[in-house]
1. For chain A, state the average projected area of the convex hull of the C-alpha atoms over all orientations, rounded to one decimal in nm².
2. Would you mind computing, in nm to one decimal, how far apart the modelled labels at residue B:90 and residue A:122 are, each placed 7 Å from Cα along Cα→Cβ?
3. Can you give the Rg to Rh ratio of the protein assembly as shown, both from alpha-carbon atoms, with Rh computed by the Kirkwood formula?
4. Please list B:225-233, B:84-92, B:132-140 highest first by mean number of surrounding beta-carbon atoms within 10 Å per residue.
5. Compute the FRET efficiency between residue A:11 and residue B:175 as 1/(1 + (r/R0)^6), taking r as their Cβ-Cβ distance and R0 = 45 Å, and round to the nearest 0.05.
6. When a/c is below 1.5 the answer is rounded, else prolate if a/b is larger than b/c, else oblate, so apply that to the stretch A:99-169 with a ≥ b ≥ c taken from the square roots of the Cα gyration tensor eigenvalues.
7. Using label points projected 7 Å from each Cα along Cα→Cβ, tell me how many nm separate residue A:39 and residue B:151, to one decimal.
8. When a footprinting reagent is the concern and you count Cβ atoms within 10 Å, what order do A:144, A:202 take, fewest first?
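Nothing in this text is a laboratory measurement; each read-out follows from the coordinates by a stated rule. Just so you know, these numbers come straight off a predicted model, no measurement behind them. Glycine gets a Cβ as well: all are built from the backbone with ideal geometry, and neighbour counts include every protein chain shown.
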C-alpha cells in the first residue's frame, strides 16, 4: 500500500509527466540562487588579499568540481539500482547523468586552467586535483563510449551499469593515489570540518552557487530524462497521446 | 548474481526432460533463470584448476599469440631512448615511467585474447551453464592470463629497466612491483574485456575503459620502481599496490562474471 508510489516510478508515462511537473520546481530556485551567487560573488564579495580579483572564478570552479563528482556518484547509484532491481527508469537516469557529468567536468577543467594562468603562470599543471578531474573526464567518456557501442538499449544499460559500479569503487582510490602522487594545489578552504577560512561575504555566495548548481543539475537531469524516456518509448502508444496533446 | 546455473543436460536435454527443463513454447530462458536445479558437482576449486590446465594447454599450442605482447613491450621500451635522448642520466630518470607505461600498454594488447576466443566458440556459455560458479571460473581464466602475460612481463621489466640505466641492485624491487602490479592490471583488464565482449570492434574502447581505472597501479608501481632504482625502501608503494591487487582479486571476478552473463544473454 505504502509502496505504490515506488511502483509507479517504474511506469514511463508517469515518470515523463512527473519529471515535466517537477522541472520548474528545480529550475526556478536554481536560476535565482545562481543569479544571486554570481552577482554577490563577482561584484559584492571583497577581493582576496593575495589573489586579487582572480580568485572570483572559484564561484564557478568549486561548484562545478563538486558537481563532477556528485553526478558520477548519482550515476553509479542509479546504475546499481537499475542493475539490481532491473528498473528501466533507473538506467535511463544513469544514461542522462553521463553527459551532464562530463559537461561539469569540462567546466571544472576550463575554469581551473583559466585561474591557473594568472596564479601559477600556466594554463596547465599536472597537479593532483586537476589530473583527477581529467581522469574523471576519461571515466565519463569511457562510460559514454561503452554505451554507444551497443545498438540494443537494454544491453547497453546493463553493461554500462557494471562499468559505473566498478568506476565508483575505483574513483576514491584514483583520487587518493593521485593526491599522494604530488601536490601544489591550494588546500581546501571550504570543505573543512572547522570554520571556513574565508569571510561570510565570500562563502555565502559560494554556498548559494553549490546549492544552485545542485538544483540546476536536478532540473537538467529531469529534462534529459524526459528526452531519454521519449526516445526509449518511441514505439509505445502513450507517446502519440503526449505528442498530439 | 546467481552462482548456480543448471547443468547443461537440464536445458539442452530431450523435450520430455523433468522439471526445470525448457519446453519448446516457453519464453527464452537465460542461463541465470534456469538456476537451482541441481547443485554443482565438484568443488569450485577443482573446476578452476581444470580451467587453468585447459587454458595453459591451449596457450602452449599457439605460443606466438602470447609472445607478441612481450615483443611489443620491448619495442615500447626501445622507443623511449629514441624519442627522448640516449643520455644515461635522462634515461635513468624516465626508466620507472617508461617500464610501467610499457607494461600497461602490453597488458592491454594481451587482453584481446582473454575471453574472445572462448566467447566465439561457446566455451564461456558452457561455463555459465555448467553449474559451477562463473566467478571462480573467470578468476581461473584471469589467473592463467596473468601467468602467461604478467609473469613474463616481470622477467622482461627488469631487463628493460637495466637497459635504461637502472642499477643491478634494483632488480628485486622491480620484479616484486611488476609481479604484484600486473595481477591488478590483469584483473582490471578482465572486467573491461568482459564488458566489451558484445562489441564488434572493441579496439579503441578497451584502452578507454582500462587505462583510467589502472592509474593507481601506474602511480604506485612507478613509485616503487623509482625508489628501488634510487636504492631506497620501496615497501610503502608495494604495500599499496598489494592492497589494490587484493581488492581486485576480491571484486573484479564478481564484476567480470556479471558482465559475461549480460553479454551472453
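1. Details: hull surface 63.6 nm².
If I average the Cα hull's projected area over directions, I get 15.9 nm².
2. 1.7
3. On the way: Rg = 26.0 Å, Rh = 25.5 Å.
Over the Cα atoms of the protein assembly as shown, Rg/Rh equals 1.02.
4. Values: B:225-233: 18.9, B:84-92: 12.7, B:132-140: 24.2.
With the highest mean Cβ count within 10 Å placed first, the list reads B:132-140, B:225-233, B:84-92.
5. Working: r = 58 Å, r/R0 = 1.30.
For R0 = 45 Å, the calculated efficiency reads 0.15.
6. Numbers: a/c = 4.10, a/b = 2.74, b/c = 1.49.
It comes out prolate by the Cα gyration axes.
7. 7.0
8. Details: A:144 17, A:202 23.
Lowest to highest Cβ neighbour count: A:144, A:202.
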